[in-house]
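J.: Encoded as structure tokens, here's the structure I'll be asking about.
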Amino acid sequence: MILVLVGPPGAGKGTQAKLLCARFGIPQISTGDMLREAKRVGTLEKRYLDIMDSGGLLPDEAVIGLIAQRTAEPDCGAGFLLDGFPRTVPQANALDELLASQGGRRIDAVLQLDVPRPLLEERLIHRRTDKRSGQIYHLVYNPPPPGAELEHRADDRPEAVTKRLDAYEAMTAALLPFYEQKQLLRRVDGVGKPDEVTHRVLSAIGRSGSGGE
Ligand code: AP5
């Protein structure tokens, strides 16, 4: 099964990705996580680091290669879930070509999480991530347990949040008609408890009654 999660920053892509991947036993491929890991180990080029921290999008070629490499790994044989890729129409075209070159694989569904902008801002500004486990928390809606080693993402500062939301509207929203035309797009209301949203996602892909793949 190959799933793509699309939605603005803070829509809950990472939160839903973890729940869905656990359910279907497929890996989560998050370009944001891959780039943050490269930043942590010091291999992310400075020009990309600056773009990322300020809330801009990296050039397409910087992320397409990452996806080509990662999806060719053995654990992706039974499928995977893409979180944060593609983000532009050229990335979506590159993904189609890549899947075709991997023995004619195809996307099963593109899930768009819908959340109104004021709620997105509120989710992002109060997000914290546990450095050790990668678990995502919200200081109000899903408070971290005592002892969690919390990280506040550089791009969750208010000015970077505004830039990221604007970049989504300017660039990534163009993906929606692209996938709608291919009849792959499923719109899901992303407001509500994470489990409720997961339930809606599963219904949208016709898997609400199944325990897994
Ligand atoms: P990336 O890491 O992909 O960030 P993003 O798309 O901005 O998405 P976020 O991780 O901010 O939000 P999310 O939707 O995953 O929400 P989450 O589940 O964490 O990318 C970061 C940067 O990398 C980009 O800006 C760009 O520079 C670069 N990049 C990455 N991919 C790229 C690409 N393909 N091309 C070019 N550049 C790229 O939830 C957010 C908060 O809300 C959390 O606190 C969570 O606890 C809370 N929450 C989640 N669900 C709920 C709910 N149902 N109810 C209440 N609270 C909730």
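J.: Taking just the C-alpha trace of the chain, give me its Rg and Dmax in Å.
T.: In Å, with Rg to one decimal and Dmax whole: 16.5, 47.
J.: For region 89-210, give the share of DSSP beta bridges that are antiparallel, in percent and rounded to the nearest 5; count only bridges with both residues there.
T.: 55
J.: In debye, nearest 20, what is the charge dipole magnitude of the chain about its Cα centre with +1 on Lys and Arg Cβ and -1 on Asp and Glu Cβ, if you could check?
T.: I would put it at about 280 debye.
J.: How big is the Cα convex hull of region 79-135 in projection, averaged over all directions, in nm²?
T.: Average of the hull's projected areas for region 79-135 equals 5.9 nm².
J.: Here is a follow-up. Determine the percent antiparallel among the DSSP beta bridges restricted to the chain, to the nearest 5.
T.: Percentage antiparallel, nearest 5: 25.
J.: Please report, in Å, the Rg and the Dmax of region 2-118, where both are computed over Cα atoms only.
T.: 14.1, 43
J.: Farthest toward the dipole's positive end in the chain, which of Leu165, Thr71, Gly14, given Cβ charges of +1 (Lys, Arg) and -1 (Asp, Glu) about the Cα centre?
T.: Of the listed residues, the answer is Gly14.
J.: Classify region 155-208 as rounded, prolate or oblate from the Cα gyration tensor: take a ≥ b ≥ c as the square roots of its eigenvalues, call it rounded if a/c is under 1.5, otherwise prolate when a/b beats b/c and oblate if not.
T.: oblate
J.: Set Lys and Arg Cβ to +1 and Asp and Glu Cβ to -1, take the dipole of the chain about its Cα centre, and tell me which of Gly134, Leu184, Ala154 lies farthest positive.
T.: The Cα lying farthest towards the positive end belongs to Gly134.
J.: Also, I was wondering about something else. What's the center-to-center distance, using Cα atoms, between region 1-75 and region 158-213 in Å?
T.: The distance from the Cα centre of region 1-75 to that of region 158-213 comes to 16 Å.
J.: Something else: Lys and Arg at +1, Asp and Glu at -1: add these up for the other residues within a Cβ distance under 10 Å of Ile2 and post the number.
T.: +1
J.: While we're on this one: Mind checking region 93-195 for GluC sites (Glu not before Pro) that DSSP puts in a loop (not H, G, I, E or B) and that have at most 12 other Cβ atoms within 10 Å?
T.: Glu149
J.: I've got another one for you. Over the chain, calculate the relative contact order: mean separation of alpha carbon pairs under 8 Å at least 6 apart, over the residue count, as a percent.
T.: Reported relative contact order: 31 percent.
J.: Moving on. Considering only protein heavy atoms, what per residue accessible area in square angstrom results for region 35-146 with a 1.4 angstrom probe?
T.: Result: 52 Å² of accessible area for each residue.
J.: Can you compute the charge dipole magnitude of region 53-176 about its Cα centre, using +1 on each Lys and Arg Cβ and -1 on each Asp and Glu Cβ, nothing else charged? Give it in debye, rounded to the nearest 20.
T.: Charge dipole of region 53-176: 220 debye, to the nearest 20.
J.: When the helix-only estimate is applied to the chain (DSSP H runs of n ≥ 4, each -39,500 (n - 2.57), divided by the residue count), what is the mean residue ellipticity at 222 nm, nearest 500 deg cm²/dmol?
T.: -13500 deg cm²/dmol
J.: By a straight-distance test (C-alpha under 28 Å), which lysines pair with Lys18 as possible cross-link partners, with residues fewer than eight away in the same chain excluded?
T.: Hits, sequence-local ones excluded: Lys39, Lys131, Lys163, Lys182, Lys193.
J.: Counting only protein heavy atoms and a 1.4 Å probe, tell me what percentage of the chain's accessible area is made up of carbon and sulfur.
T.: That share works out to 53 percent.
J.: Counting only heavy atoms of the protein chains, get the accessible area per residue of region 147-213 (1.4 Å probe) and round it to a whole Å² value.
T.: For region 147-213, the solvent-accessible area averages 57 Å² per residue.
The values are calculated or read from the model by the stated rules, or taken from the named source; none is laboratory data. Just so it is clear, the model here is predicted, and its values are computed rather than measured. No Cβ is skipped: glycine too gets one built from the backbone with ideal geometry, and neighbour counts run over all protein chains shown. Note: accessible area is taken over every heavy atom of the protein model, side chains too, but ligands, DNA and RNA are not part of it. Shrake-Rupley method; radii C 1.70, N 1.55, O 1.52, S 1.80 Å.
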